[in-house]
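Structure first, commentary second.
The values are calculated or read from the model by the stated rules, or taken from the named source; none is laboratory data. The model shown is predicted, which means the values in this text are computed figures rather than measured ones. With ideal geometry, Cβ positions are generated from the backbone for all residues, glycine too; neighbour counts draw on all protein chains shown. For the accessible areas, the whole protein counts, side chains as well, though only heavy atoms, and no ligand, DNA or RNA atoms are used. Shrake-Rupley method; radii C 1.70, N 1.55, O 1.52, S 1.80 Å.
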Amino acid sequence: MGFGILFSLYLQWQIPDGVFFSGDAGLKALLAKQLSGGEFRFDLAPPPETWVTNLWQEGLYPFAEPFVYNFNNRHYITFPFTFPLVTAPFYALFGYRGFYIIPLVATWAMWVSFYFACQRLNLTKVTTAIALIILIFASPLSLYSAMYWEHTLAVVLAFHGGAMLLIPKISQSLSKQEAILSGILIGTAVWFRPEFLCLAFLLIILVYGVAASNWSKLSFLNDTCNISKISWLSERKEIFLASTLATIGIFFLWNKLIYGHPLGIHAIQVVKESFSQRLLDGVQNFQGLGLAGFVFFPLAFYSIIYLQISYLFWQDRVSLNLKTAIGYTIYLLTTLIVVALLTDVKSRLLYLLLSLAYLVLSLFVRTKVKLNIKMTLVYLSCLLFNIGVSLLVPVGTSGLIAGGKQWGPRFLLILVPMIALLVVTQLEEMWKNNTNLVKYPLIGIFSILLLLGINKNSYEATLFLQKNHQGILPALELLQKEPNKVIAMSHQFVAQALQPGLKQDKFFFKAEDRDKLVKLGQALVEQGENKFIYICYPHEKCNLPEQAPDAFQFERKNQRFTIELKDLGTFGKYPLYEADIIQQ
């Protein structure tokens, strides 16, 4: 864990002042800065200059849907108010570096909670060490400690609450205090990440499902699924339900008071869509999130391999019977899910051929790799959570998966510690109960996946973070020195990335076409200004600088003006231009 702390501090050292990983973080930082200054309002407050607000109302506002919504003549960011609110005091105390205190400390707390979960599972010291290596160095989670994002905070709240419920300190027992605290922690995670609603309801269904299995008419479930081994979950079900729903209910009430809807501004994105469109988006999200999950967390493949071996190669399943049929059915469903996640036709065909060979091999090879009820619950939880999140979150834009610019599927980060525990538990189980013929090939597969994960999430992730910062910092440094306060740009992503990092007040305007640029020029003439900066978004075509100055002519008070755009060069990834308003 000490090496993990050093790694996370190294990631912090890589962050230049004023640079944010994504536009999402930039918008939250704007709100946090506002709150830290004592302006206690949850919309983005306009500046006192009326000419600026007038231009914004005429279509030059720097931000737009689906990131910022104009609701009752107030501009609200689409993200919950909670994270900017809790980070505002740290910004007030420590400046820019204060933004990263909660993400960093939450990551460390996640590691500690994970360690104690390993202890409660009675894992060996070696297995616990391997589990921590997976979580810290071979998963996407650690990189989020170096991003101004609420994911690490929400993950540690949800994981610790879930671990208290599912892995109690005293075996086969759950106290009232643990049930209450578990519900509060899981409910609080919803305050920061709306997708954790899926986890909360999954756990409620699980608790009451276990309780229902005690009913005489459903007693066969105990015999078939060994649910009695998790019977403690039903002991404090009412307390857990009440604490979870009460915590979520308070959040919904705050949303209703602030935004007029229990789900907040996020509801506009989801509720306004038709049911059929939401299903189509859900299928697209499921495919994108699931595939990215395996790419950025390769060790998840090990759990799939273990699942398939446990159902096809188990030593007692040679003859055809109900359990054999169930095993092959689950194998088929797993295969279909993986095929659905793959987008390339060749990859699908290759996987199907390997699955067929795997199926044939299962008829001749037997092992002692066994699946228990707890492992089964983790598999089901991961699948159902992915489905729920896919239906809940907005579909990706600009060719990206749901969640936009990110490192790995950030909506599924809570699954990382769950899968890590699953993998090391299966690794330990496999090592204890199988022959060398089974153990060493699986250890080999595990080692390869572990190395791939470390390379992806420790080496490549660090380079990715550095490259992202290098694309923003030069433009930010130039604007810090630039005396012009007016900055126009071709896309809202420019303002999201650059405006929050500027120390002094500058006015941003979105002028993506000729009419808006001219409207800005007219307003500046009225203010006695004759220069401003124009920034192009590098990932979309920027047309205005390619047009001749004659295209930007306008008249004001019987005088003719034109706007000339002088190329200043590319700073980081942004082409910058100096706009001169010339009287003819």
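Some observations on this one:
- Odd one out for residue 509 among (1) modelled with pLDDT under 90; (2) closer than 22 Å to residue 20 by Cβ; (3) of a type in the set (Phe, Trp, Tyr): (1)
- Residues in region 264-277 include none that are part of a helix (DSSP H, G or I) and modelled with pLDDT of 85 or more.
- Exactly one residue out of 71, 99, 116, 40 is modelled with pLDDT under 90 and farther than 29 Å from residue 522 by Cα, and it is 40.
- Residue match in region 76-98 (condition: under 19 Å from the mean Cα position of the chain (by Cα), touching a residue at least 24 places away in the same chain (Cβ under 8 Å) and within 28 Å of residue 299 (Cα to Cα)): no
- Single residue of region 525-584 satisfying the filter (among the β-branched types (Val, Ile, Thr) and farther than 23 Å from residue 63 by Cβ) that is nearest to the chain's Cα centre (by Cα): 570
- Residue within region 558-569 that is assigned to a helix (DSSP H, G or I), open to solvent by less than 40 Å² (accessible area, probe 1.4 Å) and in contact (Cβ under 8 Å) with a residue 24 or more places away in the chain present: no
- Against the test of being at pLDDT below 70, surrounded by fewer than 15 Cβ atoms within 10 Å (Cβ to Cβ) and not polar (S, T, N, Q), the options 218, 253, 257 yield a single qualifying residue, 218.
- Tally, over region 8-32, of residues that are buried (at least 18 other Cβ atoms within 10 Å of the Cβ) and not in a loop (DSSP other than H, G, I, E, B): 12
- Single unsatisfied condition, residue 66 versus (1) outside any helix (DSSP H, G or I); (2) open to solvent by less than 20 Å² (accessible area, probe 1.4 Å); (3) not polar (S, T, N, Q): (2)
- Condition met for residue 432 (farther than 22 Å from residue 126 by Cα, out of contact with any strand residue (DSSP E or B) (no Cβ under 8 Å at 6 or more places or on another chain) and open to solvent by 40 Å² or more (accessible area, probe 1.4 Å)): no
- Matching option when the condition is in contact (Cβ under 8 Å) with a residue 60 or more places away in the chain, more than 21 Å from residue 16 (Cα to Cα) and in contact with a strand residue (DSSP E or B) (Cβ under 9 Å, 6 or more places away or on another chain), among 579, 495, 475: 579
- Residue match in region 524-540 (condition: modelled with pLDDT under 85, more than 27 Å from residue 467 (Cβ to Cβ) and in a loop (DSSP other than H, G, I, E, B)): no
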